[in-house]
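The values are calculated or read from the model by the stated rules, or taken from the named source; none is laboratory data. Quantities reported herein were computed from a predicted structural model and do not represent experimental measurements. Positions of Cβ are backbone-derived with ideal geometry, glycine not excepted, and every protein chain shown enters the neighbour counts. Areas reflect the complete protein model, heavy atoms only, side chains present, ligands, DNA and RNA absent. Shrake-Rupley method; radii C 1.70, N 1.55, O 1.52, S 1.80 Å.
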Amino acid sequence: MKLKMMYSFLNSDLQIIENELEETIQTERALLQEASLHLLQAGGKRIRPVFVLLAGKFGQYDIHKIKYVAVALELIHMASLVHDDVIDDAELRRGKPTIKAKWDNRIAMYTGDYIFARSLELMTMVENIEAHQILSNTIVELSKGEIEQIRDKYNYDQNLRVYLRRIKRKTALLIAASCQLGAVSASAPSEIHKSLFWFGYYVGMSFQITDDILDFTGTEEQLGKPAGGDLWQGNITLPVLYAMEDFNLNQKIRAIHENSTKEEIQGIIDSIKKSDAIERSFQLSDRYLNKAFKELEKLPNGIAKRTFNNVAKFIGKRKY
């Protein structure tokens, strides 16, 4: 089953979210609006808004209240992507030129700042102190994760603990916050939104590990960006850490630097794919997914719980 079919019962509400996204980034500044719309119209999985809506089903669901959280979280995610593309000097995102590639780094940075500011402005519509505390803590951790990624580029001496902490901050906590804030904004009981936080956290860890695997196994058409980009940019991901346990691969990987050729990088990617690093990475991803499923068991039965279960399974086995 395709991902969007799993939550098709949310289609009308997701269209409201899509309309709100476009409306929120409207501005009289033509260049800023064009740049903001450029990324929005490139599409995306919208996993975070979907998780917000599903989590809201465990409380007093009202799309006209919960939409502010769903849109704000997607905008924060979008802003982080714009900034990421500047840091990584990336040319493609979702199969289209990045904002920094189409315009320049200055336009991209201010566009990212604008999208982020609009998300915070939208969150003021949520009259819940706990929701704002959760979101602010998440943004602090997200920022730490981004700085850690910059710091650890081409650092071949980092260990698994460092990698897991980085992806927790960069990816998992925003997905966890999507689940938790959806429930909080719908006034769900605290035990439910806490279980949803942990469900989202474990799914988020699996999601990022799978992303890191796909960077080796996916194609540019599937990924919407060049395969092997992480290794090229010096980002040490889980498959690389596992591959470096082999002495010969370790030496080859350590020789990678900013001026390495595409042929050199491709040769190392092929060697990593032939090792057990990809399979071991999938195994760790599955361990996180299993923890997510255990958290789901604590939640009341219903369509939201079933959909969370199906989406989590898809995330663990996805090819793009």
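Scaled to the compact-protein estimate 2.2 N^0.38 Å, what is the alpha-carbon radius of gyration of segment 156-258, rounded to two decimal places?
Against the empirical 2.2 N^0.38 Å value, I get 1.32 for segment 156-258.
Points 7 angstrom from Cα along the Cβ direction at ASN155 and HIS257: gap in nanometres?
Spacing of the two 7 Å Cα→Cβ label points: 2.0 nm.
Cβ under 11 Å from ILE87's Cβ, ILE87 left aside: what net charge do those residues give with Lys, Arg +1 and Asp, Glu -1?
It works out to a net charge of -3.
Subtracting the Cα-Cα distance from 0.36 nm times the residue separation, let me have the gained length for ILE303 to MET5 in nm, one decimal.
Going from the current span to full extension adds 106.0 nm.
Could you tell me which of rounded, prolate or oblate describes the chain, using a ≥ b ≥ c as the square roots of the eigenvalues of the alpha-carbon gyration tensor, with rounded for a/c under 1.5 and, failing that, prolate when a/b is larger than b/c and oblate otherwise?
oblate
Among the listed pairs LYS170/LYS273; LYS4/LYS305; LYS45/LYS67; LYS194/LYS294, give every one whose C-alpha distance is greater than 23 Å.
Those over the limit are LYS170/LYS273.
When the chain is treated as a GNM, springs tying every alpha-carbon pair under 10 Å, which of ILE129, ILE147, ILE303 comes out with the largest mean-square fluctuation?
Looking only at ILE129, ILE147, ILE303, the largest GNM fluctuation is found for ILE129.
Skip the ligands, DNA and RNA, and give the accessible area per residue of the chain with a 1.4 Å probe, whole Å².
The answer is 47 Å² per residue.
Mind checking which of GLY200, GLY228, GLY43 has the largest fluctuation in a GNM of the chain, springs on alpha carbons under 10 Å?
Per the Cα network of the chain with a 10 Å cutoff, GLY43 tops the list.
Amide H to amide H under 5 Å from LEU92: which residues, 5+ apart in sequence or cross-chain, H placed 1.01 Å off N in plane?
Here THR98 satisfy the definition.
At most 13 other Cβ atoms within 10 Å and a DSSP loop assignment: could you name the chymotrypsin sites (Phe, Trp or Tyr not before Pro) in segment 78-169 that fit?
Answer in residue order: TYR154.
Once whole DSSP H runs in the chain are found, which of them have Cα atoms spread over 20 Å or more along the helix axis and a mean Kyte-Doolittle score of at least 0.5?
Once both thresholds are applied, what remains is 63-87.
Shape call for segment 25-66 from the C-alpha gyration tensor, a ≥ b ≥ c root eigenvalues: rounded (a/c under 1.5), prolate (a/b greater than b/c) or oblate?
Oblate shape, in that a/c is at least 1.5 and b/c is the bigger or equal ratio.
Testing the spin-label approximation: label points 7 Å from Cα along Cα→Cβ at ARG287 and ASP89. State their distance in nm.
Between ARG287 and ASP89, the simple spin-label model gives 3.6 nm.
Mind ranking 57-68, 19-30 by how tightly packed they are, going by the mean number of other C-beta atoms within 10 angstrom, highest first?
57-68, 19-30
How much of the accessible area of the chain, in percent, comes from carbon and sulfur atoms when a 1.4 Å probe is used?
Carbon and sulfur atoms account for 50 percent of the accessible area of the chain.
GNM, the chain, Cα, under 10 Å: largest mean-square fluctuation among MET125, MET109, MET205?
It is MET125.
Mind checking which lysines have their C-alpha under 18 Å from LYS100, skipping anything on the same chain fewer than 8 residues away?
Partners found: LYS225.
What is segment 60-188 by shape, rounded, prolate or oblate, if you read a ≥ b ≥ c off the alpha carbon gyration tensor as root eigenvalues and call it rounded for a/c under 1.5, prolate for a/b larger than b/c, and oblate otherwise?
Note, shape of segment 60-188 comes out oblate.
Give me the aspartates and glutamates in straight-line cross-link reach of LYS317: C-alpha distance below 19 Å, same-chain residues under 8 apart excluded.
In chain and number order, the partners are ASP211, ASP212, ASP215, GLU220, GLU221, ASP276, GLU279, ASP286.
With each run of n ≥ 4 DSSP H residues scored as -39500 (n - 2.57), what mean residue ellipticity at 222 nm is computed for the chain after dividing by its residue count and rounding to the nearest 500 deg cm²/dmol?
Per the formula, -22500 deg cm²/dmol.
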